[in-house]
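Peer 1: Have a look at this one before I ask anything.
The values are calculated or read from the model by the stated rules, or taken from the named source; none is laboratory data. Keep in mind that this is a model prediction, so the values were computed, not measured. As a convention, Cβ positions derive from the backbone with ideal geometry for all residues, glycine included, and neighbour counts pool all protein chains shown. The area values use the complete protein model at the heavy-atom level, side chains included, leaving out ligands, DNA and RNA. Shrake-Rupley method; radii C 1.70, N 1.55, O 1.52, S 1.80 Å.
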Amino acid sequence: MGLFSSSTQTIPVSGEVPSHIAVIMDGNGRWARKRFLPRVAGHKRGVEVVRGLVKQCAKLNVKYLTLFAFSSENWRRPEDEVSFLMGLFMDSLKREVTKLHENNIRLVLIGNRSKFSTELVTQIELAEELTAKNTGLTLTIAANYGGRWDILNATNQMVSKNAIKHPGKADFTEEDLAPHLAMHYATEPDLFIRTGGEKRVSNFLLWQLAYTEFYFTDTLWPDFDEKAFQLAIQSYQQRERRFGRTSEQLASSNA
Ligand code: IPE
Ligand code: IPE
Ligand code: MG
């Protein structure tokens, strides 16, 4: 079952904690280089930061936390870095899944799994099955994910689903497409955070970020601590989300 309410339709109450936070965890390599360490030391440290962030989001009753762990373009990196990242992903899954489950956290992986080892795919499936019924925070890890891949994949599914029932149908709507997107189970992100100073989306959730509030910080991912996260939340809470309307309209609808 999909979730069809687009966040561009309903305005969340201003000053609230965002219910869906999506993060590009960038700057691991630079963090390591600054310390004359190999890049992978930054990735290792980055996992610790993920652990802390998950804890904080659970405490704040955030409903969805979505983390970009590996993009469809990251295969272009040196082979040893790619294989380190795959190994780290595998180890972290194994190590953390019980704790996630104990904390009522549901884990979901989005992205193209076809390039992963069978061992990794099995581990992902086990983790997803174990935590599927949990009702607390939904933690989504985007791995071998690309926003364009997601949209194309959803389009292909939508078209082939309709080919039999409605041959020749050419008037598809957003509601037809939405259930086929990788994150059909979640509302669209309220807050997007990118650490590491770059101001770009890097093929993350292209469809779902249509009306998300953006927050960029120069803080490198391994340094993104509780205080840095609070600054991002505070920045979000000061914004007025209008979704095309005017300030005056919002004021009168709140009155
Ligand atoms: C983000 O950090 C982690 C991944 C992309 C897997 P980077 O590895 O991109 O770090 P920088 O941007 O080179 O510092
Ligand atoms: C984006 O980071 C992907 C992840 C954080 C996993 P990159 O560091 O790979 O992004 P670009 O290529 O510099 O835009
Ligand atoms: Mg980077």
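Per-residue answers, yes or no, for (1) in a strand (DSSP E or B); (2) of a type outside the set (Phe, Trp, Tyr):
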position	(1), (2)
Gln157	no, yes
Ser160	no, yes
Ile164	no, yes
Leu177	no, yes
Ala182	no, yes
Tyr185	no, no
Glu188	no, yes
Phe192	yes, no
Lys199	no, yes
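Peer 1: Being surrounded by fewer than 18 Cβ atoms within 10 Å (Cβ to Cβ), without any contact (Cβ under 8 Å) to a residue 40 or more places away in the chain, outside any helix (DSSP H, G or I) and not acidic (Asp, Glu) is the requirement here; does Thr135 meet it? Lay out the reasoning, then the answer.
Peer 2: Details: surrounded by fewer than 18 Cβ atoms within 10 Å (Cβ to Cβ): yes; without any contact (Cβ under 8 Å) to a residue 40 or more places away in the chain: yes; outside any helix (DSSP H, G or I): yes; not acidic (Asp, Glu): yes.
When the stated conditions are applied, Thr135 passes them.
Peer 1: Of all residues in segment 211-251, which are farther than 16 Å from Val49 by Cα, in a loop (DSSP other than H, G, I, E, B) and hydrophobic (A, V, I, L, M, F, W, C)?
Peer 2: Selection gives Phe243 alone.
Peer 1: Go through Phe229, Phe243 for me and flag whichever is of a type in the set (Phe, Trp, Tyr), more than 16 Å from ligand 1 (Cβ to nearest atom) and at pLDDT below 95.
Peer 2: Working: Phe229 fails: at pLDDT below 95.
Exactly one of Phe229, Phe243 is of a type in the set (Phe, Trp, Tyr), more than 16 Å from ligand 1 (Cβ to nearest atom) and at pLDDT below 95, namely Phe243.
Peer 1: Another question, then. Collect the residues in segment 48-71 that are away from ligand 3 (no atom under 16 Å from the Cβ) and not charged (D, E, K, R), keeping them in residue-number order. Working first, answer last.
Peer 2: Here is the first cut: in segment 48-71, the residues away from ligand 3 (no atom under 16 Å from the Cβ) are 48, 51-66.
Hits for segment 48-71 are Gly52, Leu53, Val54, Gln56, Cys57, Ala58, Leu60, Asn61, Val62, Tyr64, Leu65, Thr66.
Peer 1: Just to verify a result, which residue in segment 62-89, among those that are more than 12 Å from ligand 1 (Cβ to nearest atom) and open to solvent by 20 Å² or more (accessible area, probe 1.4 Å), is nearest to Val17 (Cα to Cα)?
Peer 2: Taking segment 62-89 and keeping what is more than 12 Å from ligand 1 (Cβ to nearest atom), we get 62-66, 79-80, 83, 87.
If we keep only those that are open to solvent by 20 Å² or more (accessible area, probe 1.4 Å) as well, we get 63-64, 79-80, 83, 87.
Working: Lys63: 10, Tyr64: 11, Glu79: 40, Asp80: 39, Ser83: 37, Gly87: 34 Å.
That would be Lys63.
Peer 1: Quick check on my filter: what residues within segment 178-195 are buried (at least 24 other Cβ atoms within 10 Å of the Cβ) and either touching a His at 6+ places or on another chain (Cβ under 6 Å) or polar (S, T, N, Q) (or both)?
Peer 2: Pro189, Thr195
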